[in-house]
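Notes for the one structure printed next.
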Amino acid sequence: MPVKNRFAEMHDEITEWRRDIHAHPELMFDTHRTSALVEEKLRAFGCDEVVSGIGRTGVVGVIRGRETTSGKVVGLRADMDALPIHEATGLDYASKTPGKMHACGHDGHTAMLLGAAKYLCETRNFDGTAVVIFQPAEEGGGGAKVMCDDGLMDRFGIQEVYGMHNWPGVPLGQFAIRPGPFFAATDMFEVTLNGRGGHAAKPHETIDPIVMASQMVMALQTISSRNADPTEQIVVSVTSIDSSSTAFNVIPQSVLLKGTVRTLNPEIRDLAETRFAAICAHTAQAMGGTAEVRYDRNYPVMVNHPAQTEFVADVARRVSGDCAAAPLVMGGEDFAYMLEERPGAYILVGNGDTAMVHNPEYNFSDAAIPAGCSWWAELVEQRMPV
């Protein structure tokens, strides 16, 4: 079953939706314009039920098939939020809001799921119920968890749930997936190093938090190189160093470090947090200072369920002829929370040879729309056949 002809016919219309969303990016839970657009279209398509305000600004549409005797209910999720990035594409439909940009393709995800929803409302060629989920705040806000905490799964009777993300480097319109751990757990930290400030000409009278921070940045890398099993994946990244003074001739009183720890194994996640706290405390102590550590567990590991992964890979092959084995991704994805609630799977659709996501020159490839929409629609029709 190749790309469905209906999506070739709808391509220009879906592209127009996508580019409109792209031009009006919104961050985190402040997706009011996008959510309103989604709600309006779902109602116009003829969804049997449309509910807004799930997870603050999330929108859910319910589409019942020609029959519902199977009792099956399948959830399909797309994310809606953008990133705090200045766009550098120079496109005619580039962001109209300085400092905000759809640099991860959520505009494309939303448009493709809207296209699939329109098709499913038109055809209803399935036996069961499709629930389309439009989620805010994937980029750091944990919107998936907020929607789940708001009763998403139980309220709509969702039994399985599926997600999709575009991926630069995967051939345009092709698919890739892997069972089991796929995207990493992402923990965030802040470490305040307290010393004793003073004149740069008299370092012996100070307890220098800059040197303390330098030692600590290097010591933290031993978590992966000397504490974790070398066959396990772990990334410790200090991404920001901020001093309490910006003067050339002042040794500051304190330094703030920020960063992330990424893992794919719960035991390694526990090990990393334990070793992180110990290294920070003892490195500071050894140099006469103190360390105040804030370590926040953020998104969990996103784990694809094996049976559902095999099923959607087969759907992808029906659409594009192939489904490649995806690599492990050390980035985070809050769809993990939905996969903790219900069995399901997450797949990558190729964006072609483009800038990587989270890059100011990235742009979602509209040519991927027919393949993505077809995968959503085929998933519903194959999972709940009439």
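The values are calculated or read from the model by the stated rules, or taken from the named source; none is laboratory data. All of these numbers come straight from a predicted model, not from anything done at the bench. We place every Cβ from the backbone using ideal geometry, glycine too, and count neighbours over all the protein chains shown. Heads up: the accessible areas ignore ligands, DNA and RNA and are worked out on the full protein's heavy atoms, side chains in. Shrake-Rupley method; radii C 1.70, N 1.55, O 1.52, S 1.80 Å.
Given a cut-off of under 8 Å on Cα pairs at least six residues apart, what relative contact order in percent is computed for region 314-386?
Values: 30 pairs, mean separation 27.5, N = 73.
Relative CO of region 314-386 lands at 38 percent.
Let me check something: with ligands and nucleic acids excluded, how do Met188, Met287, Met218, Met147 order by accessible area (1.4 Å probe), largest to smallest?
Numbers: Met188 90, Met287 70, Met218 130, Met147 0 Å².
The most accessible residue leads, giving Met218, Met188, Met287, Met147.
Residue separation times 0.36 nm, minus the C-alpha to C-alpha distance between His282 and Glu232: what's the value?
Working: separation 50, 0.36 × 50 = 18.00 nm, distance 2.53 nm.
Stretched out fully, the His282 to Glu232 stretch lengthens by 15.5 nm.
Mind giving me the nanometre distance, one decimal, between the label points for Thr69 and Met356, set 7 Å out from Cα along Cα→Cβ?
5.2 nm
Rank His11, His102 by accessible area, highest first, at a 1.4 Å probe radius? Don't skip to the answer; put the middle values down first.
Working: His11 45, His102 0 Å².
My answer, sorted largest first, is His11, His102.
How much of Arg317 can a 1.4 Å solvent probe reach, expressed as accessible area in Å² and rounded to 10?
100 Å²
Given a Förster distance of 45 Å, report the FRET efficiency between Asp149 and Asn249 from their Cβ-Cβ distance, rounded to the nearest 0.05. Walk me through the numbers before you get to the answer.
Numbers: r = 51 Å, r/R0 = 1.14.
E between Asp149 and Asn249, to the nearest 0.05, is 0.30.
In square angstrom, rounded to the nearest 10, how much accessible surface does Lys96 have for a 1.4 Å probe?
Here the residue's solvent-accessible area equals roughly 130 Å².
Assuming R0 = 51 Å, what is the FRET efficiency of Thr222 and Glu16, from their Cβ-Cβ distance, to the nearest 0.05? Present the calculation step by step, with values, prior to reporting the outcome.
Details: r = 52 Å, r/R0 = 1.03.
Efficiency for this residue pair is about 0.45.
Using only protein heavy atoms and a 1.4 Å probe, report how much of Ile210 is accessible, in Å² to the nearest 10.
Rounded to the nearest 10, that gives 70 Å².
With N set to the residue count of region 157-252, report its C-alpha Rg divided by 2.2 N^0.38 Å to two decimal places.
1.76
Over its Cα atoms, what ratio of radius of gyration to 2.2 N^0.38 Å does region 257-386 give? The partial results should precede the final answer.
Values: Rg = 20.4 Å, N = 130, 2.2 N^0.38 = 14.0 Å.
The reported ratio for this selection is 1.46.
Can you tell me the order of 245-252, 119-126 when each peptide is scored by its average per-residue count of other Cβ atoms within 10 angstrom, highest first?
On the way: 245-252: 13.2, 119-126: 19.2.
Per-residue Cβ counts within 10 Å, averaged per peptide and sorted highest first, yield 119-126, 245-252.
Could I get the Rg over Rh figure for the chain? Both from C-alpha atoms, Rh via Kirkwood, rounded to two places. Each step should come with its number before you reach the end.
Numbers: Rg = 23.4 Å, Rh = 22.3 Å.
Across the chain, the Cα-based Rg/Rh ratio is 1.05.
Is region 321-386 best put as rounded, prolate or oblate by its Cα gyration tensor, with a ≥ b ≥ c the root eigenvalues, rounded for a/c under 1.5, and otherwise prolate when a/b is larger than b/c, oblate when not? Write out the running numbers ahead of the final one.
Working: a/c = 2.12, a/b = 1.27, b/c = 1.67.
Oblate shape, in that a/c is at least 1.5 and b/c is the bigger or equal ratio.
Please give the length that would be gained between Glu205 and Thr123 if that part of the chain were fully extended, namely 0.36 nm times their separation in residues minus their C-alpha to C-alpha distance (nm, one decimal).
Details: separation 82, 0.36 × 82 = 29.52 nm, distance 7.77 nm.
That pair, Glu205 and Thr123, stretches by 21.7 nm at full extension.
Between region 1-74 and region 148-189, what is the separation of their alpha carbon centroids in Å?
That distance is 17 Å.
Given a 1.4 Å probe and heavy atoms of the protein chains only, how would you sort Ser374, Ser224, largest accessible area at the top?
Numbers: Ser374 0, Ser224 35 Å².
My answer, sorted largest first, is Ser224, Ser374.
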